[in-house]
Amino acid sequence: MSIQLINPSDSRPLTTGTDGLSDGDKLVFPYKNGAYRIVEDDNYTENFGYQWNKFVGTQVDKVSNLDISKVRFFAETGWDKEDLTGKNILEVGSGAGRFSQIILDFTKGNLYSVDYSNAVEANFKNNGPNDRFHLFQASIYDMPFMPGQFDKVVCVGVLQHTPDVEKSVKTLISMVKPGGELVVDFYPIRGWWTKVHAKYFLRRWTKKMSNEKLYKRIENNIDWMIKATRFFSRIGLGRIVNRFIPICDIEGTIPRNLPPGQLREICILDTFDMFSPEYDQPQRISTVDGWFRKYGMTNVWSGFIPFDNCSAAVVKGKKP
Ligand SMILES: C[S@@+](CC[C@H](N)C(=O)[O-])C[C@H]1O[C@@H](n2cnc3c(N)ncnc32)[C@H](O)[C@@H]1O
């Protein structure tokens with residue numbers, strides 16, 4: 001690996017081996033099922049480990065035969081495929097690896113992917129083994145990399161699920177090398193109505209449910225919820241009424257014209273994803289933009305980026 005690995009707890013250099021990461025002669029972090037394990041599974045992202053190992057390929061383009069992850073990735077980052085050849089890219093919160101796949105299959109960059117949960121196993125099933133791919137189960141706050149080494153850092157769909165979003169942004173910035181770039185997206189606060197939503201009312205209970213129970217509840221109710229959402233959209237009341245139906249945002253976050261089976265599976269996944277996380281902290285775009293500047297980024301751009309029938313709140317910037 002061309003990236004210098006360190007032990008996040010004492011900053012001592014680590015070397016890679018077949019059985020894990022070593023500090024001198026001693027094995028410090030094991031390698032298991034495709035990933036170096038800096039942490040164990042019993043942390044606040046355990047729901048994501050369950051989710052991504054259940055829906056391993058659902059959002060992965062090469063499995064679903066769609067191009068939703070590819071379109072979203074290049075729309076949000078604006079990165080040029082050729083320009084990434086040989087570059088060191090850090091992806092934080094990689095989940096089942098839908099964007100890892102895009103980076104590995106459409107660029108010749110070296111990818112370092114981190115996730116706090118056991119989703120790393122799903123990611124490895126989708127994308128490993130590959131000499132350009134290095135997977136770590138670690139927290140954004142304690143990553144095993146010496147700061148300032150990455151040409152590109154990307155963090156998509158993650159920030160709102162971390163406990164301290166400002167600290168998460170600061171840590172991501174610390175990973176970018178001078179001249180490098182960071183791109184993040186997150187759930188936006190669009191106005192006072194953002195949290196007037198079935199999700200924010202019900203989450204206080206659903207996030208405490210066991211994964212199996214929550215999954216079953218959603219699966220048993222998904223069909224009538226899809227029908228109801230479609231009905232209210234058809235009669236022009238979708239924007240007002242659908243936020244009170246406890247299902248993911250079908251019109252705003254899922255591409256149109258999916259075959260019914262695929263739509264149903266994505267709806268179950270996205271609904272589980274909205275009810276199970278410990279943290280769900282949408283942010284104002286101006287706040288995240290302000291953190292980029294506060295922690296030294298230049299050429300900061302922020303706003304909504306459209307793709308398919310969806311749009312994402314994105315902030316990007318360069319390290320001087
Ligand atoms: C909604 S998923 C998004 C996954 C992937 N980026 C995607 O878009 O499909 C959020 C991911 O962030 C990870 N995550 C949450 N907190 C984290 C932390 N502190 N450090 C690293 N990853 C974290 C979760 O484990 C989860 O896989």
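Of note:
- Test: Val158 is near the ligand (Cβ under 9 Å from one of its atoms), under 18 Å from Gly95 (Cβ atoms) and open to solvent by less than 30 Å² (accessible area, probe 1.4 Å): yes
- In region 41-56, the residues that are not assigned by TED's automatic domain parsing to the domain that holds Asp270 reach residues that are among the β-branched types (Val, Ile, Thr) and open to solvent by 30 Å² or more (accessible area, probe 1.4 Å) with C-beta atoms within less than 9 angstrom, at least six apart or across chains, in these pairs: Val56/Val63.
- Pair list, Cβ under 6 Å, 6 or more apart: region 115-139 residue assigned by TED's automatic domain parsing to the domain that holds Tyr31 and free of Cβ contacts under 8 Å to residues at least 24 places away in the same chain, other residue open to solvent by less than 30 Å² (accessible area, probe 1.4 Å) and more than 14 Å from the ligand (Cβ to nearest atom): none
- Here the condition is being β-branched (Val, Ile, Thr), within 9 Å of the ligand (Cβ to nearest atom) and open to solvent by less than 20 Å² (accessible area, probe 1.4 Å); of Ile102, Ile140, it holds for Ile140 alone.
- Residues of region 166-195 satisfying the condition of being in a helix (DSSP H, G or I) and farther than 21 Å from Ile89 by Cα: Glu166, Trp192, Trp193, Thr194, Lys195
- Residue in region 81-97 that is without any contact (Cβ under 8 Å) to a residue 60 or more places away in the chain, within 19 Å of the chain's Cα centre (by Cα) and closer than 21 Å to Lys177 by Cβ present: yes
- Selection status of Glu76, within 14 Å of the ligand (Cβ to nearest atom), open to solvent by less than 10 Å² (accessible area, probe 1.4 Å) and of a type in the set (D, E, K, R): yes
- Residue within region 14-31 that is open to solvent by 70 Å² or more (accessible area, probe 1.4 Å) and touching a helix residue (DSSP H, G or I) at 6+ places or on another chain (Cβ under 9 Å) present: no
- Among all residues of region 302-320, there is none that is open to solvent by 50 Å² or more (accessible area, probe 1.4 Å) and in a helix (DSSP H, G or I).
- Those helices (runs of 4 or more DSSP H) lying entirely in region 196-243 with at least 2 residues of a type in the set (Gly, Ala, Ser): 211-234
- Any chance Asn47 is under 30 Å from Met274 (Cβ atoms) and open to solvent by less than 30 Å² (accessible area, probe 1.4 Å): yes
The values are calculated or read from the model by the stated rules, or taken from the named source; none is laboratory data. Nothing here was measured: the structure is a model prediction, and the numbers come from that model. Virtual Cβ from ideal backbone geometry, glycine too; neighbours counted across all protein chains shown. The accessibility values were calculated without ligands, DNA or RNA, using every heavy atom of the protein model including side chains. Shrake-Rupley method; radii C 1.70, N 1.55, O 1.52, S 1.80 Å.
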